[in-house]
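Worksheet: one structure, shown below.
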Amino acid sequence: AEFERLVALKEPLVNVKGQWVEFRPGEVEAALRFWTQRAHGPAPLATVARLLLGGDGAADAGLPLDTDATALSPAVTEALAVLRDGLHVPDLPPPPALQATLRPYQVRGFSWLAGLVRLGLGACLADDMGLGKTIQTIALLLHRRAGAPALLVCPTSVVGNWRREIARFAPNLRVLVHQGPQRAAGPAFAAAARAHDLVITSFSLLARDEAGLQAVAWAGLILDEAQNIKNPDAAQTRSARRLRAGYRVALTGTPVENRLQELWSIMDFLNPGFLGDRESFRAQYALPIEREGDPAAMDALRRRVNPLILRRLKTDRAIIQDLPDKLEMKVYCTLTREQVTLYEAVVRDGMAQLAQLAGRGAFARRGVVLSLLTRLKQIVDHPALFLGDGSPLPDRSGKLARLAEMLDEALAEGDKALIFTQFAEMGAMLQQYLAATFARPVLYLHGGTPRPQRDAMVAEFQAPGGPALFVLSIKAGGVGLNLTAANHVFHYDRWWNPAVENQATDRAFRIGQRKNVQVHKLIAAGTLEERIDQLIESKRALAEGVIGAGEDWLAALDDRALAGLLALDVGDTE
């Protein structure tokens, strides 16, 4: 409104806050276009930011990069300075209502969040798992507490954790959990939301309850485990983008898991238009970096997103000094004769299927490859998992035998252990086998575990004298749990995604851990597990260069490369 008033004077020189400013016709028209864009497309600040950071289209925009900042509001001027040079803010005092003592790096993180939010910029807190993204966010919620509620969206499995942490650290924060079949809807939900400071819901309800969520003007929108919106075409991602909120924050330990498109999706939620549209981002950054490792493109992307992403690692002693060491080791296991026979038969059958699909298209081939990979992983875990016949477990899997040997040593030392598997059926087998082998209770958490039972398991495991072994599905138990009673973590089978594996490991390696954490990654020697482990190491550079990897990339290998990957080295068997 102030800008339009100045333009209406139609004077070449105007006085703005005591300073004379020259208004040039071309710049005035360009600036007006930026402001009027708000109703029809990306926020003007995002467009200006693209220009300032070297984005495409600077020549067409009509607004020189050195435009006199006095023509802009102080908030916009400050925001643009942040995008150029990063945010430099003094540490804020923690909110008086926060019943916790923040570590110095947490004070800096909270102050950083508050600074970006104040300027209207979306912020991504990408601290390593275990550094306390939750407590920093609670501090922000208390700092920004206003008449309108904030909305926090997280995985269903983490809702209870958020509720408990807020009750512990900010008990005067009024919290409404929007979940379950009895949750409010329509006007009743809107009224209930406005009577609280924070509403917590899950990603699974974003699209289903979008109409009700849209009816509330949220003070802020926070996404925990924001990798859940890494697919820009998913219904929950589109719903998150459409919600109205005064500020937006994304929390994730893995801004990039598989592809740079995931980073684009998160940033486009936080600051629409900031990285351009999807196709221009793909052409300018994703393809050059992912296919060619282009250092210039990687540096340009890093410079663009770094002001809006705060990433700290707990292995950095400059960040935190009170965590013990994490010792990672690969444990190579031999196959039994039964495993060798099954493995070779499945490889022959799979490659024959692929040969028959020649010329049938990538989609059909992809399904066969992924099915083949799954069957081979089941075989190297245990023949009974592949056969699904409920047959006995002892003496049939080299990996299971090695796990039992290592657990026997850990238990003899009085240690506790987490055992992760990606197969729910394997988890049930492990629970049964380990309980019988060691004559002691073994906990098992999977996707179908009810939340009350899940919470009880965590409390039981964490308690002194509680069960020493905890088997977890990596999908259900990989996030949102504090299991620092364990100082051993076993990855029984490889997820082939470093980001997901690290998140699971960090259930034990996090604040509160007082022992060295030993991470054991079981690998069936001579099989696809060993070769893919080598490929994983080379793919780590993608995530680390800009700020992880799934299995779909394996489906793109041609038949010759795939055959080499799957070939069994029979020298590594029993």
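The values are calculated or read from the model by the stated rules, or taken from the named source; none is laboratory data. Quantities reported herein were computed from a predicted structural model and do not represent experimental measurements. Cβ atoms come from the backbone with ideal geometry, glycine included; neighbour counts cover every protein chain shown. Ligands, DNA and RNA are excluded from the accessible area calculation, which covers all protein heavy atoms including side chains. Shrake-Rupley method; radii C 1.70, N 1.55, O 1.52, S 1.80 Å.
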Single condition Leu443 does not satisfy, out of (1) open to solvent by 50 Å² or more (accessible area, probe 1.4 Å); (2) under 24 Å from Val479 (Cβ atoms); (3) more than 24 Å from the chain's Cα centre (by Cα): (1)
In segment 230-251, residue most open to solvent (accessible area, probe 1.4 Å) [restricted to those that are part of a helix (DSSP H, G or I) and closer than 18 Å to Trp162 by Cβ]: Gln236
Selected residue (only one of Glu501, Glu460 is under 24 Å from Thr156 (Cβ atoms), assigned to a helix (DSSP H, G or I), open to solvent by less than 20 Å² (accessible area, probe 1.4 Å) and of a type in the set (Asp, Glu)): Glu501
Residues of segment 307-358 classified as under 26 Å from Pro498 (Cα atoms) and acidic (Asp, Glu), total: 4
Residue tally, condition in a helix (DSSP H, G or I) and either of a type in the set (S, T, N, Q) or open to solvent by less than 40 Å² (accessible area, probe 1.4 Å) (or both), over segment 154-170: 9
In segment 120-139, the residues that are crowded, with 20+ Cβ neighbours inside 10 Å, part of a loop (DSSP other than H, G, I, E, B) and not charged (D, E, K, R): Leu121, Gly122, Ala126, Met129, Gly130, Leu131, Gly132
Inter-residue pairs, beta-carbon under 8 Å, first farther than 17 Å from Leu418 by Cβ and in segment 443-457, second open to solvent by 60 Å² or more (accessible area, probe 1.4 Å), 6+ apart: Arg451/Thr156
Single condition Val570 does not satisfy, out of (1) β-branched (Val, Ile, Thr); (2) open to solvent by 10 Å² or more (accessible area, probe 1.4 Å); (3) modelled with pLDDT of 75 or more: (3)
Residue check, Gly526 at positive phi and open to solvent by 50 Å² or more (accessible area, probe 1.4 Å): no
Helices (runs of 4 or more DSSP H) contained in segment 285-363 and holding at least 3 residues touching a strand residue (DSSP E or B) at 6+ places or on another chain (Cβ under 8 Å): 337-356
Output for segment 193-213, where each listed residue is open to solvent by 50 Å² or more (accessible area, probe 1.4 Å) and touching a helix residue (DSSP H, G or I) at 6+ places or on another chain (Cβ under 7 Å): Ser204
Looking only at segment 299-328, and only at residues there that are at pLDDT 80 or above and basic (Lys, Arg), the one that is farthest from Leu125 (Cα to Cα): Lys326
Count of residues meeting criterion [open to solvent by 10 Å² or more (accessible area, probe 1.4 Å) and either at pLDDT below 95 or over 29 Å from the mean Cα position of the chain (by Cα) (or both)] in segment 376-393: 9
Sole residue being part of a loop (DSSP other than H, G, I, E, B), touching a strand residue (DSSP E or B) at 6+ places or on another chain (Cβ under 7 Å) and modelled with pLDDT of 90 or more, chosen from Leu173, Leu151: Leu173
Qualifying residues in segment 438-454 (those that are over 17 Å from Ala504 (Cα atoms) and touching a helix residue (DSSP H, G or I) at 6+ places or on another chain (Cβ under 6 Å)) - the one modelled with the highest pLDDT: Val442
Qualifying residues in segment 405-421 (those that are open to solvent by 40 Å² or more (accessible area, probe 1.4 Å) and assigned to a loop (DSSP other than H, G, I, E, B)) - the one modelled with the lowest pLDDT: Glu413
Residue that is surrounded by the most Cβ atoms within 10 Å (Cβ to Cβ) [pool: residues in segment 105-119 that are hydrophobic (A, V, I, L, M, F, W, C) and farther than 17 Å from Lys314 by Cα]: Leu113
Condition met for Val368 (in a helix (DSSP H, G or I) and open to solvent by less than 40 Å² (accessible area, probe 1.4 Å)): yes
Residue match in segment 469-485 (condition: farther than 20 Å from Thr134 by Cβ, open to solvent by less than 20 Å² (accessible area, probe 1.4 Å) and charged (D, E, K, R)): no
Complete set of residues in segment 238-258 that are within 8 Å of the chain's Cα centre (by Cα) and of a type outside the set (A, V, I, L, M, F, W, C): Thr252, Gly253, Thr254, Pro255, Glu257
